[in-house]
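Structure first, commentary second.
The values are calculated or read from the model by the stated rules, or taken from the named source; none is laboratory data. For clarity, every value in this text was computed on a predicted model and none was experimentally measured. Here the Cβ positions follow ideal geometry from the backbone for every residue, glycine too, while neighbour counts run over all protein chains shown. Please note that ligands, DNA and RNA were not included when accessible areas were found on the heavy atoms of the full protein model with its side chains. Shrake-Rupley method; radii C 1.70, N 1.55, O 1.52, S 1.80 Å.
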Amino acid sequence: MTDGPRQGATGEGAPRSHNATVEDVVLTANTAFYNAFEAGDLDLMAAVWLPDPDPVCIHPGNAAISGYAEMMRAWAMIFANTPYIQFFLTDVQVRVDEDVAYVTCTENVLSSGEGAPEEGFAGGKALATNVFRRTSTGWRLWIHHASPVLSSGGRQEEAE
């Protein structure tokens, strides 16, 4: 669908250098998740996830999906009902602790399909946490949790 999630000034993508840090490799795994989502490709999505121990996925406003098989069924349904989706990632931060890492980011989403105006696109924003585990085949996504941003929030609104 697109050529990958765009990352804003606070979340540069991983360099393509052979001197990549562990953080760079985790960010590349994070980008692979969003690329699979944008492409609507179940094979790519399956390759991103850690099958065991049970992975967990929580989409904005929905219940948790636990277990690899159940999650892949859910992704198939999402892909079947999402003609277009594009992510612009901002506020990207990565932390690594031995064999577990997490990426936090703001997902700025543009999509069409259910919930979008007829013949148009809908936009939204979610805060996401993606937890990865290091395996013998690389970093695999273990937990994805995205929460909708319902307002611009911040200190300015709190002061009013």
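Of (1) assigned to a helix (DSSP H, G or I); (2) exposed (fewer than 14 other Cβ atoms within 10 Å of the Cβ), I78 satisfies all except one. Which?
Going through the list (1) assigned to a helix (DSSP H, G or I); (2) exposed (fewer than 14 other Cβ atoms within 10 Å of the Cβ), I78 breaks only (2).
Among E38, E23, E12, which is modelled with pLDDT of 95 or more and more than 18 Å from S136 (Cα to Cα)?
Exactly one residue qualifies, and that residue is E38.
Checking the conditions here, which among G40, G67, G61 is at positive phi and in contact with a helix residue (DSSP H, G or I) (Cβ under 6 Å, 6 or more places away or on another chain)?
Being at positive phi and in contact with a helix residue (DSSP H, G or I) (Cβ under 6 Å, 6 or more places away or on another chain) holds for just one of G40, G67, G61, which is G40.
Answer with yes or no whether G153 is open to solvent by less than 60 Å² (accessible area, probe 1.4 Å) and modelled with pLDDT under 80.
Yes.
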